């Protein structure tokens, strides 16, 4: 059996000492980052990316992926105990997790989220094992026009589905695409947008941009929030208090099944992501429940639904990223960027050129999820204590790691100055409510999009209609056009409604 | 209405100032990109030169900037309070590290980084900062010793 052979290959890679170590470090650091309020998965991965430069491509991606899904596991801890989501993905976990903690069931809530996360994660991995190969087979028949169309659709979907103004999202994708063009044009050798600077010839470093946009600006933003106030909670971490009873298993099994399916589907879609998956799955549970009034007051089903969904979505997001090379979120774009840095060209060919990397990563998901179960159930007490680290100790350390990471990549202090510039830019964008995540997506996909655009025209002998005469590319672009049309329509409608409301004010 | 919502957004000629600023920045950026791309070779439609793609992006960006300005007419966005002190302190802290790392080595750079960063907080905590700085110095020492050849950072000036 093909799948079996592949999984044997995968596990032979993932069980090697270096990969096991990478996976362990990844999920541990991930949980740590997730637990700490005010340090999200994005900031964490950009901070820790330089750590992987000395490793092999497989170990690097195993570790970075571990940080990502580990942070989603860990994010629920702060949500339950402090009512502060450790990362955006666990915002929904606050709804029922915190009330449970207030009722003295913090241990149970923490155990439930860990189990639910595990179940959701496992479901999505099975899905990835089943669906990635056929998806790759389809994608391998794609030519440049299809790739270009798919990139356009992916970018548009990712930027318009996220929160806030979709027009701003698209604008930020375009800014990212432009930033991705900075440097020497590979085909003609012309230096673009370098404005005479030699330092810019290599282009804008993904690590430096991400550290500024997500690391420094996050620290700045936290100074306006209430992070400096931390509260203390005691948690009964005895096995008896934590392990769900038979009745609780029965109450949550349906929610967990629905959460897994919903989360996986939403995770595959570009742009939606784990936070939205959790939210949708939570509202579905609330609507289906016979006692919806319990939701928000410590309903264990709501907690389970949200946690299975966000972990399933986090894991399912790897499906389009690894099989098509199209990341659905900024975190996935960072992971793709890391692959590029390691000389692996992401896309459907990865499964053939680097099968050990592809299947090794999937096998590492199993190991990582198992490690997380061990890390989070018996050792929950340690993570709870981590929450007591005050932010005034944390942020100088974050700044130090930013400097260390940015500097050690090339031993050039100019990278730190660039981090400052991008950090200020990120903060300015936050003030103007311009989303940063689409920018990163654009930066990673920019060079690829241009290459496919130019190659399509070259192969079609300058016939610009090639994008519309090929059925697949035409279909993808038509979908993109529909997204743009509905975006414009809904924004216009919103404006008209707001204008008609105006006199009432 | 909560106190948050009662803050009236600042407007210039009916446009929300924040959205106007965002849109204008995007618009100007698009125009600059499109103008700059004119200086690159255009090539032919068959063999597209380096100018075409950025020019298209620049034009799209300028159009999006205009859209944001008009969309922002009804926006209720209000400028949040800006923590100027923290921004200044943190930028100075990062810049001091960049300035000192090659000249004075990691130890000096870490102390400058940590103490300048500490100024961002309203209560200055010299003892805490001292402990943090010492811990990080120990960490860097371990890193440099443990990963000889991979991590090349000078710990002391002129080393």
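Each value in this text was obtained by applying a stated rule to the coordinates, not by laboratory testing. Note that the structure is predicted; figures quoted are calculated from it, not measured. Neighbour counts are summed over all protein chains in view; Cβ atoms, including those assigned to glycine, are modelled from backbone coordinates with ideal geometry.
The figures follow:
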read-out	value
Tensor-based shape of the protein assembly as shown (alpha-carbon gyration tensor, a/c under 1.5 rounded, otherwise prolate or oblate)	rounded
Label-to-label distance, nm, for residues given as residue B:46 and residue B:103 (7 Å Cα→Cβ offset)	5.8
Residue order, fewest to most surrounding Cβ atoms within 10 angstrom, among A:482, B:114, A:319	A:482, A:319, B:114
Cα-based helix-to-principal-axis angle, B:126-146 vs chain B, degrees rounded to 10	90
Estimated FRET transfer efficiency (residue A:241, residue A:451; beta-carbon r; R0 56 Å; 0.05)	0.45
Two-site FRET efficiency, residue A:199 against residue A:389, from Cβ-Cβ distance with R₀ of 35 Å, rounded to 0.05	0.45
C-alpha long axis of helix A:355-376 to longest principal axis of chain A, angle in °	20
Calculated FRET efficiency for the pair residue A:414/residue A:248, C-beta based, R₀ 56 Å, to 0.05	0.50
Nearest 10 degrees, 0 to 90: helix B:52-71 Cα axis against chain B principal axis	80
Set of region A:319-341 residues, backbone N closer than 15 Å to the point 7 Å along the Cα-Cβ line of residue A:353	A:322-326, A:336-341
Neighbour-count ranking [beta-carbon atoms within 10 angstrom, fewest first] of A:49, A:386, A:7	A:386, A:7, A:49
Packing-based exposure ordering (other Cβ within 10 Å, fewest first) of A:366, A:249, B:84	B:84, A:249, A:366
